[in-house]
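Since the structure comes first, as structure tokens, the remarks are kept for the end.
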Amino acid sequence: MKQIEGGVTAAKGYTTAGTRAGIKKGKTNKDMAMIFSEKPAVTAGTFTKNLVKAAPVLWDKKVTDAGVAQAVVINTGIANACTGQAGYENAAETAKLAGETLNISSDTVLVASTGVIGFTLPMDVIADGVKKLSGMLKSDVQSAQDAAEAILTTDTHPKQIAYETTIGGKTVTFGAMCKGSGMIHPNMGTMLGFIMTDAAISKNLLDKALKGSIEDTFNMVSVDGDTSTNDTVLVMANGMAGNPEITEENEDYEAFKEALLAVNTYLAKQIAGDGEGASRLFEVQVKHAKDKQTAKVLAKSIITSNLTKCAIFGKDANWGRILCAMGYSGAQFDPLKVDIVMASEKGEIALVENGVATAFDEEKAAEILSPDVVIAKVDVRDGDAEATAWGCDLTYDYVKINADYRS
């Protein structure tokens, strides 16, 4: 498996486009994108666990349950959430417009929205955007870049990736993009992810591979503890790589899962590191837990601790906040067995051994906490399970961004 240049157009048979439709009033940045597969693709999705689900989520659940998709339409600026029946009808209308323009069934068109909650979509603008995008679809790298830019909200940069691997003797490609910066919390957040592959795989195994991958990637990310109404990860597999269809959990399926995990891990880390106002990515590795669930709970509790996030921002080796967050997580462990090491490209330093502070050098610790990526290695010495979670520091700018979000 190797990383290659590109995003959602890297795999065979996919075209895309991103443009400004005019949803975001008074702004000049792109706000709509479209992805199209030359052939109908097997599709799967995972969605927000928030009880309040946006209209696009409800529509996409119907499409992914049916199992076949051929296009995705994405808009930013307005989330189309908490908009009642009118919101659902607008999501369906968006799919209908795209279906008519692309000459495919509206039941194979996925839709996604992100932005401010409580406003209905300006359907005249959406209609013009769909028509414009359908005439711009291309398979080149620049078009993938344009689409990745068009789906952003408070993100500071586009997030996309592509990988090649070999499955069944054929070169199989995965291309993906995502957005996410705020309202991000384990179990996914205001995060949209789109993964396009030319692999041939059955619907039930695609579902299983996606759900398994999400548990160890996007569901291990937190920026601010808020779980959104719109979070969605969609995967389409059009089979154009020509590999024998993956219909059982064999070597080909393992290769598919490995590539999907690599894609989702990269995107998850990109989202965590680009948290609203964030200055650094904060990674937590919990090792030697008694079981996987314990490791995950501990790692998540640490990355969601506001006090710990503030300490990371301040380059303060305040290990007590880490141990405190572990203690209220609900997971069972022995505090007197815990070791905590902080690491970065500047080296690593042991802060805690057997639950007690070491005589560490504060200046050295501050230096290690200074780079863009900071890692907490937590060893609970109670078993063989491990888990990794990703978050970010909590800065002054986070409050500034969210105090003015609607304006």
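Table: residues versus (1) crowded, with 17+ Cβ neighbours inside 10 Å; (2) under 22 Å from MET220 (Cβ atoms); (3) touching a helix residue (DSSP H, G or I) at 6+ places or on another chain (Cβ under 8 Å); (4) touching a residue at least 24 places away in the same chain (Cβ under 8 Å).
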{"position": "ILE303", "(1), (2), (3), (4)": "yes, yes, yes, yes"}
{"position": "PHE313", "(1), (2), (3), (4)": "yes, yes, no, yes"}
{"position": "ASP316", "(1), (2), (3), (4)": "no, no, yes, yes"}
{"position": "LEU336", "(1), (2), (3), (4)": "no, no, no, no"}
{"position": "GLU353", "(1), (2), (3), (4)": "no, no, no, no"}
{"position": "LEU369", "(1), (2), (3), (4)": "yes, yes, yes, yes"}
{"position": "THR395", "(1), (2), (3), (4)": "yes, yes, yes, yes"}
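Restricting to the stretch 118-142, name every residue that is surrounded by fewer than 20 Cβ atoms within 10 Å (Cβ to Cβ) and either β-branched (Val, Ile, Thr) or touching a His at 6+ places or on another chain (Cβ under 7 Å) (or both).
THR120, VAL125, VAL141
Output the residues belonging to the stretch 233-254 that are more than 11 Å from PHE174 (Cα to Cα), modelled with pLDDT of 95 or more, open to solvent by less than 20 Å² (accessible area, probe 1.4 Å) and among the aliphatic types (A, V, I, L, M).
Scanning the stretch 233-254 gives LEU234, ILE246.
In this structure, does THR94 turn out to be of a type in the set (S, T, N, Q) and either within 16 Å of MET191 (Cα to Cα) or under 21 Å from the mean Cα position of the chain (by Cα) (or both)? Before you say what the answer is, go through the steps one by one.
Values: of a type in the set (S, T, N, Q): yes; either within 16 Å of MET191 (Cα to Cα) or under 21 Å from the mean Cα position of the chain (by Cα) (or both): no.
Judged against the criteria, THR94 is not a match.
For the structure I just gave you, tell me whether ASP146 is touching a Lys or Arg at 6+ places or on another chain (Cβ under 9 Å) and under 17 Å from LYS62 (Cβ atoms). Spell out how you get there, then give the answer.
On the way: touching a Lys or Arg at 6+ places or on another chain (Cβ under 9 Å): yes; under 17 Å from LYS62 (Cβ atoms): no.
Considered against the rule, which asks whether it is touching a Lys or Arg at 6+ places or on another chain (Cβ under 9 Å) and under 17 Å from LYS62 (Cβ atoms), ASP146 comes out as no.
Please work out if ALA295 is under 12 Å from VAL380 (Cα atoms), modelled with pLDDT of 95 or more, open to solvent by less than 70 Å² (accessible area, probe 1.4 Å) and assigned to a loop (DSSP other than H, G, I, E, B).
Numbers: under 12 Å from VAL380 (Cα atoms): yes; modelled with pLDDT of 95 or more: yes; open to solvent by less than 70 Å² (accessible area, probe 1.4 Å): yes; assigned to a loop (DSSP other than H, G, I, E, B): no.
Considered against the rule, which asks whether it is under 12 Å from VAL380 (Cα atoms), modelled with pLDDT of 95 or more, open to solvent by less than 70 Å² (accessible area, probe 1.4 Å) and assigned to a loop (DSSP other than H, G, I, E, B), ALA295 comes out as no.
If you take the residues in the stretch 268-287 that are of a type outside the set (Val, Ile, Thr) and at pLDDT 90 or above, which one is most open to solvent (accessible area, probe 1.4 Å)? Break it down into steps so the answer makes sense when it comes.
Residues of the stretch 268-287 of a type outside the set (Val, Ile, Thr): 268-270, 272-283, 285, 287.
Those still in the list that are at pLDDT 90 or above too: 282-283, 285, 287.
On the way: PHE282: 0, GLU283: 19, GLN285: 33, LYS287: 72 Å².
Restricting to residues being of a type outside the set (Val, Ile, Thr) and at pLDDT 90 or above, the top hit is LYS287.
Could you please find all residues in the stretch 6-22 being open to solvent by 10 Å² or more (accessible area, probe 1.4 Å), in contact with a Gly (Cβ under 7 Å, 6 or more places away or on another chain) and within 15 Å of PHE194 (Cα to Cα)?
Passing the criteria: GLY6, THR9, ALA10.
Kindly state which strands (runs of 3 or more DSSP E) lie completely within the stretch 143-200 and contain at least 1 residues that are modelled with pLDDT of 95 or more, of a type in the set (Lys, Arg) and open to solvent by 10 Å² or more (accessible area, probe 1.4 Å). So that I can check it myself, show each step before the final result.
Numbers: elements: 159-167, 170-179, 192-197.
The qualifying strands (runs of 3 or more DSSP E) are 170-179.
(1) closer than 26 Å to ALA162 by Cβ; (2) open to solvent by 20 Å² or more (accessible area, probe 1.4 Å); (3) of a type outside the set (Lys, Arg): which one isn't true of MET32, the others all being true?
All conditions are met except number (2).
Which pairs have Cβ atoms under 8 Å, sit 6 or more apart or on different chains, and link a residue in the stretch 128-152 that is closer than 14 Å to GLU100 by Cβ and of a type in the set (Val, Ile, Thr) to one that is open to solvent by less than 30 Å² (accessible area, probe 1.4 Å) and not in a helix (DSSP H, G or I)?
Once the first residue is closer than 14 Å to GLU100 by Cβ and of a type in the set (Val, Ile, Thr) and sits in the stretch 128-152, its partners that are open to solvent by less than 30 Å² (accessible area, probe 1.4 Å) and not in a helix (DSSP H, G or I) give VAL130/MET32; VAL130/MET34; VAL130/VAL73.
Quick one: GLY26 ticks every box in (1) open to solvent by 40 Å² or more (accessible area, probe 1.4 Å); (2) on the phi < 0 side of the Ramachandran plot; (3) not β-branched (Val, Ile, Thr) bar one, so which box is it?
(2)
The values are calculated or read from the model by the stated rules, or taken from the named source; none is laboratory data. As the structure is a computational prediction, the values presented were derived from the model and not from experiment. Cβ coordinates were reconstructed from backbone atoms using ideal geometry, including for glycine residues, and neighbour counts include every protein chain displayed. Please note that ligands, DNA and RNA were not included when accessible areas were found on the heavy atoms of the full protein model with its side chains. Shrake-Rupley method; radii C 1.70, N 1.55, O 1.52, S 1.80 Å.
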